[in-house]
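Before any comments, here is the structure.
The values are calculated or read from the model by the stated rules, or taken from the named source; none is laboratory data. Given the structure is predicted, the values throughout are model-derived calculations rather than measurements. Ideal geometry is used to build each Cβ from the backbone, glycine not excepted, and the neighbour counts take in all protein chains shown.
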Amino acid sequence: MLTSKSTVRKLLIALLLVIAFALLGIWQRHLLLISPWSIGEPPALLVAQTEISAGSYWHDDYFLIEPIDSQTIAIGEPRYAQQNYSYLLLGDEAAILFDAGPGIRDIRSVAQSLTDLPITFVPSHFHYDHIGNEVTFETVAVIDLPYLRERAAEDSLSLTWQEHLGNGEGFALPTLEVDEWLLPNSVLDLGGRELQVLHTPGHTEDSISLLDLSSGAVFTGDFVYPGNLYAFLPTSNMADYLVGANNLLRVVEEDALLFGAHRGPDPVIPRLNTQDLKDLREALSLIRNRQLQGSGSYPVSYPVNEQISILAEPRWLQSWRSEYANQP
């Protein structure tokens, strides 16, 4: 009888340990998922392409300059594994650098070579491949969200691992010295050109897009671009993604062009349109209502259209609650 009780006790302890480790694994799933990818340093540079689009030119052996119009310049990093694109947006009196890549090379000097205007750096979100890391800027502006303000002592914002994710490529957690806080829906006046700040959460909680009020063009960061949209990362949220899509569709024109931050398989600026954004909203609604099936286990891939897919967590881990659902 004593042996039987001892055996049961051991089995219960073993079961509790299994449950505890399972819960710990779920809680730390993002760290467990990303750690195997970690190499501790930036990936080797890709071979420079020999064919580039008309009007484009190499700034050096790394940065590719691709003018969109007289006031909008895409700065590509096609030799970096993630194929980043940042955008220099010019007005008559000031300029915005929207995103800054991973900082393998100094994008600030590139932007300064393209304009004499004072430049404000605005990150679309805080992932390491967008904030420039050790590249410093004279003026930095970020989205004004309550939880960011609360922890930014004297406007010094130290990023968390979940926001940054840079340890996989050897980037230390940075601290941003914030010069300007951008309220959602506020307007940046560059002199003769106005950009509306749109909160577009989903890929991350802090993601923003910029709407050019004159041309109707939208600069979307990682919210939407040709390829796989990442909605399974630590600060990703499926309900937020739907909020972000609705926020954009409330203000974009039917024929708007959307410029993303990573290019797809074709060696061109990552460009989409309003219909792609509508397709994204429709796909998110279908996933929420269990009417769209995905493939794979983790992450699960859901088709949006021929150009876009969403990589999400398994359905039982997806969150369809958003604190931003009722934002103005």
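Quick look at the numbers
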| read-out | value |
| --- | --- |
| Some residue of region 72-87 being of a type in the set (A, V, I, L, M), touching a residue at least 12 places away in the same chain (Cβ under 8 Å) and surrounded by fewer than 18 Cβ atoms within 10 Å (Cβ to Cβ) | yes |
| Some residue of region 251-260 being over 30 Å from GLN49 (Cα atoms) and within 21 Å of the chain's Cα centre (by Cα) | yes |
| Matching residues in region 291-328 - criterion: being more than 20 Å from GLY244 (Cα to Cα), β-branched (Val, Ile, Thr) and under 18 Å from the mean Cα position of the chain (by Cα) | none |
| Residue within region 159-167 that is more than 18 Å from the chain's Cα centre (by Cα) and either part of a strand (DSSP E or B) or not aliphatic (A, V, I, L, M) (or both) present | no |
| Conditions (1) assigned to a strand (DSSP E or B); (2) over 28 Å from GLY216 (Cβ atoms); (3) not polar (S, T, N, Q); number of the one not met by TYR147 | (1) |
| Residue pairs meeting the criteria (Cβ under 6 Å; at least 6 apart or on separate chains; first surrounded by fewer than 16 Cβ atoms within 10 Å (Cβ to Cβ), in region 50-62; second at pLDDT below 95) | SER53/VAL268 |
| Matching residues in region 235-280 - criterion: being among the β-branched types (Val, Ile, Thr), surrounded by 17 or more Cβ atoms within 10 Å (Cβ to Cβ) and farther than 22 Å from TYR57 by Cα | THR235, VAL243, VAL252, THR274 |
| Search result, residues across region 168-185 that are touching a helix residue (DSSP H, G or I) at 6+ places or on another chain (Cβ under 6 Å) and either closer than 16 Å to PHE121 by Cα or part of a helix (DSSP H, G or I) (or both) | GLY168 |
| Subset of region 281-328 (residues that are within 19 Å of PRO234 (Cα to Cα), hydrophobic (A, V, I, L, M, F, W, C) and surrounded by 13 or more Cβ atoms within 10 Å (Cβ to Cβ)) | LEU284, VAL300, ILE310, LEU311, ALA312, LEU317, TRP320 |
| Members of region 68-116 that are under 16 Å from LEU258 (Cα atoms) and in contact with a helix residue (DSSP H, G or I) (Cβ under 9 Å, 6 or more places away or on another chain) | ILE73, ILE75, SER86, LEU88, ASP99 |
| Wholly enclosed strands (runs of 3 or more DSSP E) of region 58-105 bearing at least 1 residues among the hydroxyl-bearing types (Ser, Thr, Tyr) and over 18 Å from the mean Cα position of the chain (by Cα) | 72-77 |
| Subset of region 143-169 (residues that are surrounded by fewer than 19 Cβ atoms within 10 Å (Cβ to Cβ) and among the charged types (D, E, K, R)) | ASP144, ARG149, GLU150, ARG151, GLU154, ASP155 |
| Residue identified as at pLDDT 95 or above, small (Gly, Ala, Ser) and within 17 Å of PHE223 (Cβ to Cβ) among SER158, SER124 | SER124 |
| Residue in region 212-231 that is closer than 17 Å to LEU188 by Cβ, without any contact (Cβ under 8 Å) to a residue 24 or more places away in the chain and of a type in the set (Gly, Ala, Ser) present | yes |
| Of residues in region 120-142 being closer than 19 Å to GLN327 by Cβ and within 13 Å of the chain's Cα centre (by Cα), the one surrounded by the most Cβ atoms within 10 Å (Cβ to Cβ) | SER124 |
